[in-house]
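Okay, structure first, notes after.
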Amino acid sequence: MKKNFIILLVTACLTTACGDSFLDKGPSDKITTDEAITTLNDVKVAVDGLYSLMADTYYYNASMFLYGDVKGDDMQATSWSSGRTSYTYYTYEHSATAPNSGGLWGRPYYTVRNAYNVISAIDNGEVNASQKDLENYKGQALAIVALCHFDLLRLYGYPYAKDNGASWGVPIVDHAIGYDEFPERNTVAECYDFIIKQLNDAIPLLASAKNDGHINAYAARALLARVYLYCERNKEAFEIADQLIKDCEASGLYSLASHDNYLSQFDFSNKFGSEALFQIANTPSNNPGRNGLSYLLHWWGYAAVALTEDFAHFMQQDQNDIRNGLIASYQNSSDGLYYDFLLKYPGEKAYNIPSFENNYTVLRLSEVYLIAAEAGQKQGGQVAIQALAYLNRIVQRGNPNNWVEIADFSLDRVLDERRKELVGEGHRFFDMLRNGKTMYRSGGKHLMNTPAEVNWDYYKCILPIDREQFTFNPDMPQNPGYARE
């Protein structure tokens with residue numbers, strides 16, 4: 001039976017108190033200054049430190065995934081999770097005085113600053129090592145710079161399609177910023193141009209070999225395809241995704257999980273599976289503990305986030321879809337109601353013992369097929385026929401008896417498939433927002449104190465700039481609808 005409990009969450013770093021000020025120092029990693037990077041081992045340790053910064057509750061071990069899911073219409077905070085980041089995201093409790101960003105300002109920027117320490121040391125010739133090794137590490141650092149800026153842009157800037165990127169994005173940081181520097185905000189379009197350049201610079205430098213828990217050339221190309229999709233460059237998005245899929249098939253390094261092996265790809269024992277282009281890696285000695293995503297989503301953990309009834313009913317329309325096997329219902333003893341939970345982040349040894357050390361997938365091959373499907377559908381013509389074939393690979397993997405005809409190939413159909421495939425991986429809110437769609441969040445077990453309809457016209461669809469930033473940068477514009485204090 002479900003225990004009744006009240007959890008007092010340690011909120012340091014989940015509000016402006018830690019990591020939300022642009023120049024706040026983040027937690028110490030092993031190397032933080034370019035002067036310290038003089039050997040290849042120093043470079044390796046510094047790059048590993050970048051992944052450690054990302055592998056934190058306040059970024060990719062919880063906050064980034066929660067933000068992309070509970071602010072949408074397929075996952076919601078539970079009534080007993082009040083006080084947690086997932087709850088404040090779900091209820092849109094954002095203001096300049098309490099942005100409730102879950103660390104998603106300071107953490108990415110601190111990671112960027114440290115990435116440039118690596119890049120500077122390599123570019124300045126301070127490390128005596130083979131060019132091939134240094135290029136690979138520099139490529140990883142550049143890709144991380146791009147990913148951090150992309151995430152910040154999704155959080156603080158309006159979707160590109162809303163105004164063709166004319167609105168304010170985030171400050172672009174293009175060097176190891178000093179603690180006395182206060183960059184201004186750039187437009188959304190300028191930010192996308194910068195992100196795309198970093199990835200195009202990174203990809204030729206990166207090794208193609210698998211490097212578990214690190215970004216390789218395949219992962220960076222997948223990220224570039226996603227970025228192109230987000231900024232409406234559908235031709236480029238399709239071309240990158242199409243070629244990446246073909247290269248994966250030719251190399252054999254990555255492959256779609258089959259229908260029969262679909263559920264097992266999410267087993268705890270299947271870390272770095274065949275679809276995992278880039279995962280945040282956790283270990284028995286280095287993990288987020290009870291503050292990680294798996295514990296927050298697990299019924300026998302904090303059970304802070306459940307699937308919405310709307311999403312459960314949507315999945316039940318096709319009971320033969322293998323993806324229904326990732327949903328389980330549990331009865332809460334305190335109210336007698338059944339709640340649906342996602343099983344993508346299971347425990348290690350027993351179903352009722354959540355794990356602290358699950359890996360979290362940032363880039364997965366299934367998403368690349370869906371990027372190709374969406375970008376090709378938007379292009380139309382002959383490309384749409386190719387795109388439909390990619391969509392049907394995902395559809396028929398879910399249920400071999402299903403397929404989509406060309407007459408039914410629409411953006412909404414692609415978004416429905418993304419909904420089924422990527423739930424719990426931090427996509428739904430961004431998918432709906434960037435396509436100008438409205439998310440309906442009422443009925444079922446939705447809580448009363450949350451917006452019932454959300455789209456890009458609702459000012460809280462993006463986060464406010466923390467009021468502390470205006471102390472450093474008085475001329476920095478605030479996002480529309482939010483006060484500066």
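Looking across D69, D48, one residue alone is assigned to a helix (DSSP H, G or I) and free of Cβ contacts under 8 Å to residues at least 40 places away in the same chain. It is D48. Looking only at residues that are of a type in the set (K, R) and closer than 24 Å to Y254 by Cα in region 201-243, which one is nearest to the chain's Cα centre (by Cα)? Taking the candidates together, the pick is R226. A single entry from K378, K344 fulfils the requirement of being part of a loop (DSSP other than H, G, I, E, B), modelled with pLDDT of 95 or more, basic (K, R) and surrounded by fewer than 23 Cβ atoms within 10 Å (Cβ to Cβ): K344. Against the conditions (1) open to solvent by 20 Å² or more (accessible area, probe 1.4 Å); (2) touching a residue at least 12 places away in the same chain (Cβ under 8 Å); (3) not in a strand (DSSP E or B), S329 satisfies every one except (3).
Just one of the listed residues (A220, A225, A257) is part of a loop (DSSP other than H, G, I, E, B) and open to solvent by less than 50 Å² (accessible area, probe 1.4 Å), namely A257. Just one of the listed residues (S95, S86) is touching a residue at least 60 places away in the same chain (Cβ under 8 Å), within 29 Å of M439 (Cα to Cα) and surrounded by fewer than 19 Cβ atoms within 10 Å (Cβ to Cβ), namely S95. Considering the conditions (1) assigned to a helix (DSSP H, G or I); (2) in contact (Cβ under 8 Å) with a residue 40 or more places away in the chain, D247 is excluded by exactly one of them, (2).
Considered as a group, the residues in region 160-200 that are within 30 Å of Q131 (Cα to Cα), surrounded by fewer than 16 Cβ atoms within 10 Å (Cβ to Cβ) and over 21 Å from the mean Cα position of the chain (by Cα) include one that is modelled with the highest pLDDT, and that residue is D174. Annotation note: Cβ proximity below 6 Å between a residue of region 425-437 that is within 18 Å of D310 (Cβ to Cβ) and a residue that is open to solvent by 20 Å² or more (accessible area, probe 1.4 Å) and not charged (D, E, K, R) (sequence gap 6+ or interchain) occurs for L433/W456. Summed over region 438-485, residues that are assigned to a loop (DSSP other than H, G, I, E, B), of a type in the set (K, R) and surrounded by 16 or more Cβ atoms within 10 Å (Cβ to Cβ) total 3.
The values are calculated or read from the model by the stated rules, or taken from the named source; none is laboratory data. These numbers were taken from a predicted model, which means no experiment stands behind them. Glycine also receives a Cβ, built like all others from the backbone with ideal geometry; neighbour counts cover every protein chain displayed. With ligands, DNA and RNA removed, areas are computed over all heavy atoms of the protein, side chains included. Shrake-Rupley method; radii C 1.70, N 1.55, O 1.52, S 1.80 Å.
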